[in-house]
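One structure is given here, and the rest of the page talks about it.
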Amino acid sequence: MFKVIRLGATPVSLGLLSVQVYAASSEKTSKKELLKTEELSLYSSPARETKYVENPRTELEEGVSRLRHVLEPYTAWCQDLYVKAMPKLEKAVEHGREGYEFLQKPPGGFYPRLGVISFAGIVGLFLARGSKIKKLVYPAALMGISTSMYYPQQAVAMAKVAGTQLYDWSLQGYIAVEALWKDNPKKKKSGEKGDKATRILN
């Protein structure tokens, strides 16, 4: 029992032991013996000669790369189409949602008016037997007249917009016809002068 206590007490007694350490004087060390921090191996890294070597491509990687290059214009076109079409689709969905909500809670007398307007369109189709132009004009005209009877304010607003658009289109057509009409006589005159010159030379 005495041996176990003696072995356990020895390390504790070494911890209480004081040891003195003396530093060397600066006069004895020469400047040649002192090292700079860059010279210590802890702060400097050895020069490495490394070279990046790319792994050779496999056939699968080359095939995928070729496929990506081939499909790149199509994917760009699809992204561009998506960016252009998304706002229009969102507007269409919004209008559809508004129309659905309107049909869920319609104002009073909406369905009878809708029936009269639809009946006017059917009568227009019945009266327009024969030519295809009549089949387009008669139903649209009769439906427009019956709609303007029930919704006069909206009809006036739409008539103003349609009138300005028709005026713009007619003005553009007039300018185009006038430009063509002015260009043709000049060409004919220059063609006649060229014919006279060739006749004189012959």
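Here Y52 and E72 are evaluated by their C-beta separation; at R0 = 30 Å the FRET efficiency comes out at 0.65.
Between the amide H of Y151 and any residue lying 5 or more places away or on another chain, no distance stays under 5 Å, with hydrogens modeled in the peptide plane. Extension gain, Y174 to S118, is 16.5 nm, computed as 0.36 nm per intervening residue step minus the present C-alpha separation. Considered as an equivalent ellipsoid built on the Cα gyration tensor, segment 81-127 has semi-axes of 31, 18, 4 Å, the largest given first.
None of the figures in this text is laboratory data; all of them are computed from the coordinates on show. Note that the structure is predicted; figures quoted are calculated from it, not measured. When we count neighbours, we look across all protein chains shown, and the Cβ atoms used for this are built from the backbone with ideal geometry, even at glycine.
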